[in-house]
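Notes follow the structure.
The values are calculated or read from the model by the stated rules, or taken from the named source; none is laboratory data. It should be emphasised that the depicted structure is a prediction, and the values quoted were computed from it without experimental measurement. Cβ sites come from the backbone with ideal geometry, for glycine too, and all protein chains shown count toward neighbours.
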Amino acid sequence: MPAIGVNALLTLSGDKVCTSASPVVSGFVLVGGRSSRMGRDKALLPWNGATLAQHTADIVAEATGSATLIGDPARYGALGYPVCTDRLPGHGPLSGIVTALTISPGEWALVAGCDMPAISSVALRLLLQETARTDFQCIVPIGPTGPEPLCAVYHRACLIALEKAIAEGRFRMREVVNELQACFFTGIDPACFANLNTPDDFAAFSHK
């Protein structure tokens, strides 16, 4: 019998995903949100000698081996990472996740917002490890205020439900994720997923 590679045996079983080996997971970072409470583009905030988007992409790439930004290539093309235009702009992070799953070369995609400066590649790898032993469609960590669907791993099987939510005008990911076969993961310090939403948040994190 031939050896089975680590990318083999990804099959669908009903609405769930069956995996028997560790799959390849592509990494994506959502940029270009309205940043209304911050008052300026969060993705371009200075962070550790670069920008917050670059900082997040570095961590995602360290965990998955790749990072693609989902946003406006004209605005973010100089950050050193590939940029893909959101295929359904104006629908918030939900459409960014749909875009990531649509262009991902593999069945799984790690999708992270650009406003979580405390995330680490170690934490993200814990999420990735779950894809090798789960029957669920997505792995969603629990953060300081509940599930964090904007730093989660999604299987392409989620696309049908996500596209349906967009068609019906439902864009809140914390609500939509409950319609997926989601594994809510509690094995990571919730502080890793703290968001930068306001200038005060940014100032507080900058002085840590």
Query raised in the report: Quick one: residue 103 ticks every box in (1) at pLDDT 90 or above; (2) surrounded by 21 or more Cβ atoms within 10 Å (Cβ to Cβ); (3) closer than 22 Å to residue 177 by Cα bar one, so which box is it?
Result: (2)
Query raised in the report: From 110, 159, 150, 124, which residue is over 19 Å from residue 43 (Cβ atoms) and not acidic (Asp, Glu)?
Result: 159
Report task. Go through the range 56-74 and give me each residue that's of a type in the set (A, V, I, L, M) and out of contact with any Asp or Glu (no Cβ under 8 Å at 6 or more places or on another chain). Result -> 57, 59, 60, 61, 63, 69, 74
**Report entry** Some residue of the range 14-27 being modelled with pLDDT of 95 or more and not basic (Lys, Arg)
**Finding:** yes
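Can you tell me which residue within the range 48-75, out of those that are surrounded by fewer than 19 Cβ atoms within 10 Å (Cβ to Cβ) and either in a loop (DSSP other than H, G, I, E, B) or among the hydrophobic types (A, V, I, L, M, F, W, C) (or both), is nearest to the chain's Cα centre (by Cα)? Write out each step before concluding.
Our first condition is that a residue be surrounded by fewer than 19 Cβ atoms within 10 Å (Cβ to Cβ); within the range 48-75, this holds for 48-50, 58, 61-62, 65, 72-75.
Right, trim to either in a loop (DSSP other than H, G, I, E, B) or among the hydrophobic types (A, V, I, L, M, F, W, C) (or both) and you get 48-50, 61, 65, 72, 74.
Details: 48: 21, 49: 23, 50: 20, 61: 12, 65: 14, 72: 17, 74: 22 Å.
Among those residues, the one meeting the criterion is 61.
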Query - Verdict on residue 62 being touching a Pro at 6+ places or on another chain (Cβ under 7 Å) and more than 19 Å from residue 147 (Cα to Cα) - result: no
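Against the condition farther than 21 Å from residue 186 by Cα, over 11 Å from the mean Cα position of the chain (by Cα) and either among the charged types (D, E, K, R) or part of a helix (DSSP H, G or I) (or both), how does residue 78 come out, does it pass?
Values: farther than 21 Å from residue 186 by Cα: yes; over 11 Å from the mean Cα position of the chain (by Cα): yes; either among the charged types (D, E, K, R) or part of a helix (DSSP H, G or I) (or both): yes.
Considered against the rule, which asks whether it is farther than 21 Å from residue 186 by Cα, over 11 Å from the mean Cα position of the chain (by Cα) and either among the charged types (D, E, K, R) or part of a helix (DSSP H, G or I) (or both), residue 78 comes out as yes.
If you check residue 88 against the conditions, is it among the hydrophobic types (A, V, I, L, M, F, W, C) and within 17 Å of residue 62 (Cα to Cα)?
Working: among the hydrophobic types (A, V, I, L, M, F, W, C): yes; within 17 Å of residue 62 (Cα to Cα): no.
No.
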Report summary line: Taking the range 132-164 and keeping residues closer than 19 Å to residue 88 by Cβ and in contact with a Gly (Cβ under 8 Å, 6 or more places away or on another chain) leaves 150
Requested in this report: Could you check residue 161 against (1) touching a strand residue (DSSP E or B) at 6+ places or on another chain (Cβ under 6 Å); (2) under 19 Å from residue 176 (Cβ atoms) and say which number it fails?
Outcome: (1)
Report task. Could you list, in sequence order, all residues of the range 81-106 that are farther than 17 Å from residue 50 by Cα and part of a loop (DSSP other than H, G, I, E, B)? Result -> 85, 86, 87, 88, 89, 90, 91, 92, 104, 105, 106
